[in-house]
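Peer 1: Dropping the structure in here first, questions after.
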Amino acid sequence: MNFQQGTSREQISMLSVDTLIAADNAVRVIDLFVDLLDLKALGFNKTICKQEGRGPFHAKDMLKLYYYGYLNRIRSSRKLETECERNVEVWWLMHQLKPSYRTIADFRKNNDDALKNAYKIFISFLKGEDMFSKEVIGIDGTKLRAQNNKKNNFNEDKLKKHLANIEDKIETYLKELDECDAAEDRQASELKKKEVHQKLEMLRQRKGNYEQLNKKLTEGDDKQISTVDEESRLLTVKDNIAEVSYNIQAVSDSKHSLIVEFDTVNESDQHCNSCFIFCFHGIPVVSLTYIFRTLFSRSILSFSAHHAAISSALKLWG
């Protein structure tokens with residue numbers, strides 16, 4: 001008895017990629033579904049090719065790749081790029097096109113609203129195909145760090161401390177100026193005064209910036225302000241560890257673990273009720289009692305957030 005032998009790697013064969021994809025494979029559904037969509041009406045760019053320059057990837061092919069990633073839990077643009085290189089299903093779906101991770105990421109960035117519209121249509125299609133149980137759902141939040149350092153995130157208390165610290169430093173430098181005036185060594189005191197004046201000017205500029213931020217906080221409704229990634233907030237990531245980040249709230253159905261709804265917020269889980277409101281889109285009223293029991297037992301939100309979520313849900317259902 002001999003071991004099973006494979007085919008030689010150097011063997012030339014006449015092979016169609018289509019023969020490698022089963023007739024009931026999900027990629028065939030994605031291919032037909034996207035071909036039926038009016039991408040221009042949905043708001044996608046690059047649906048019409050210009051005559052000059054190198055031809056771009058069609059939005060249709062890129063959307064198929066994202067749908068494939070959604071069904072197979074592949075979120076990263078780098079991982080999608082890898083799948084284009086090695087995955088036979090993606091070869092078939094993309095006609096063996098191999099966009100770079102930057103192209104994949106830019107497609108998502110440049111078609112934000114259009115992707116949301118396409119996502120909603122795809123979810124409706126999956127509901128029509130009975131891909132959701134509409135009985136048991138899971139809700140969780142994921143924190144994604146923003147492009148904003150903690151030093152560039154401020155609240156009212158932090159600004160007060162900064163302003164008080166600057167006032168102390170200014171007072172110290174003013175005393176140094178008085179000492180320089182009383183000093184006998186005139187040349188040394190002049191150099192010292194010039195250095196102190198520069199530091200004072202820098203402190204006054206910083207004080208002005210902090211006062212502007214404090215005014216913005218006082219006049220607005222937000223309790224925090226970020227100077228770089230402006231919509232990000234300081235959120236508790238784990239235990240007592242806080243990072244300037246966003247909170248991605250997602251609702252997944254138990255039948256195939258597919259995401260039903262999602263939202264990006266800048267509140268912590270304890271104060272966020274957007275995920276609760278999602279639960280009532282497309283879910284029968286008879287399931288509401290069971291869903292509430294499941295969510296309450298997790299103690300994700302405070303009592304006030306629970307009450308707000310229920311009120312919002314009742315308004316949605318009329």
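Peer 1: If you stretched the chain out fully between ALA26 and LYS79, how much longer would it get, using 0.36 nm times the residue separation minus the C-alpha to C-alpha distance?
Peer 2: 17.2 nm
Peer 1: Between ASN2 and GLN51, with labels modelled 7 Å along Cα→Cβ, what's the label distance in nm to one decimal, could you check?
Peer 2: For the pair ASN2/GLN51, the computed spacing is 6.3 nm.
Peer 1: Go ahead and run the numbers for FRET between ASN110 and THR236, Cβ-Cβ distance against an R0 of 30 Å, rounding to 0.05.
Peer 2: On the way: r = 33 Å, r/R0 = 1.09.
Step by step, r from the Cβ atoms, then E = 0.40.
Peer 1: For the range 78-229, state the average projected area of the convex hull of the C-alpha atoms over all orientations, rounded to one decimal in nm². Walk me through the numbers on the way to the answer.
Peer 2: On the way: hull surface 69.3 nm².
Answer in nm², one decimal: 17.3.
Peer 1: Here's a follow-up. Applying a 10 Å radius around every beta-carbon, put 194-206, 22-34 in order of their mean neighbour count, most first.
Peer 2: Listed from highest to lowest mean packing, they are 22-34, 194-206.
Peer 1: Moving to a separate point now. In whole Å, what three semi-axes, largest first, describe the equivalent ellipsoid of the range 17-128 built from its Cα gyration tensor (square root of 5 times each eigenvalue)?
Peer 2: On the way: eigenvalues 81, 66, 39 Å².
Listed largest to smallest, the semi-axes of the range 17-128 are 20, 18, 14 Å.
Peer 1: Taking amide H positions as placed 1.01 Å from N in the peptide plane, with prolines and chain starts having none, which residues 5 or more places from LEU258, or on another chain, fall under 5 Å of its amide H?
Peer 2: When sequence neighbours closer than 5 places are left aside, the close amide H contacts are ASP253.
Peer 1: At 0.36 nm per residue, minus the direct Cα-Cα distance, what do ASP221 and LYS194 gain on full extension? Give it in nm, one decimal, please.
Peer 2: Length gained between ASP221 and LYS194: 5.5 nm.
None of the figures in this text is laboratory data; all of them are computed from the coordinates on show. This one's a predicted model, so the numbers in the text were calculated from it and none came from an experiment. Using ideal geometry, Cβ is built from the backbone for each residue, glycine included, and neighbour counts are taken over all protein chains shown.
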